[in-house]
Amino acid sequence: MKKAKKRVFSVVKAIKSNARDRVGSPPPEKVLPDPKQKAAANPKHKETLADLLQKRNGDE
């Protein structure tokens, strides 16, 4: 059998582990909404009365 590889001490990993023990794990990642989709969902200008009437006449 092979010998188990000896782990090298890492200061960064030790500090992070210590912080997680004291404070807790960091919150999960937040997904930011796409600004282009948000802009498309909320148009900058409201439709005018003429546009609304034109759409309504086109449907019928």
(request) Enumerate lysine pairs in the chain that are 8 or more residues apart or on different chains, then count those whose Cα atoms are under 23 Å apart. (result) 10
(request) Any chance you could give the angle, 0 to 90 degrees and rounded to 10, that helix 49-59 forms with the longest Cα principal axis of the chain? (result) 90
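Nothing charged except the Cβ atoms of Lys and Arg (+1) and of Asp and Glu (-1): what's the magnitude of the dipole of the chain about its Cα centre? Round to the nearest 20 debye.
Values: 16 positive and 7 negative charges, 257 e Å.
Charge dipole of the chain: 1240 debye, to the nearest 20.
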(request) Please name which of A50, N18, M1 has its Cα lying farthest along the dipole of the chain towards the positive end, using unit charges on Cβ (Lys, Arg +1; Asp, Glu -1) and the Cα centre as origin. (result) M1
(message) Compute a Gaussian network model of the chain, connecting alpha carbons closer than 10 Å, and tell me which residue from A39, A19, A50 fluctuates the most.
(response) A50
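So what's the net charge close to L49: Lys and Arg +1, Asp and Glu -1, counting the other residues with Cβ under 13 Å from its Cβ?
Values: positive: K46, K55, R56; negative: E47, D51.
Every neighbour counted, the sum reads +1.
At 222 nm, what value in deg cm²/dmol follows for the chain if DSSP H runs of at least 4 each add -39500 (n - 2.57) and the sum is divided by all its residues, to the nearest 500? Intermediate values should be presented prior to the final figure.
Numbers: 3 runs with 31 residues, N = 60.
-15500 deg cm²/dmol, from helical runs alone.
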(request) Specify the angular offset, from 0 to 90 degrees and rounded to the nearest 10, of the alpha carbon long axis of helix 11-23 from the longest principal axis of the alpha carbons in the chain. (result) 60
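Starting from the eigenvalues of the Cα gyration tensor, five times each then square-rooted, give me the equivalent ellipsoid semi-axes of the chain, largest first, whole Å.
Values: eigenvalues 776, 52, 16 Å².
After scaling each eigenvalue by five and taking roots: 62, 16, 9 Å.
Computed from the coordinates by the stated procedures, all read-outs in this text should not be read as laboratory data. Note that the structure is predicted; figures quoted are calculated from it, not measured. Backbone-built Cβ (ideal geometry, glycine too); neighbour counts: all protein chains shown.
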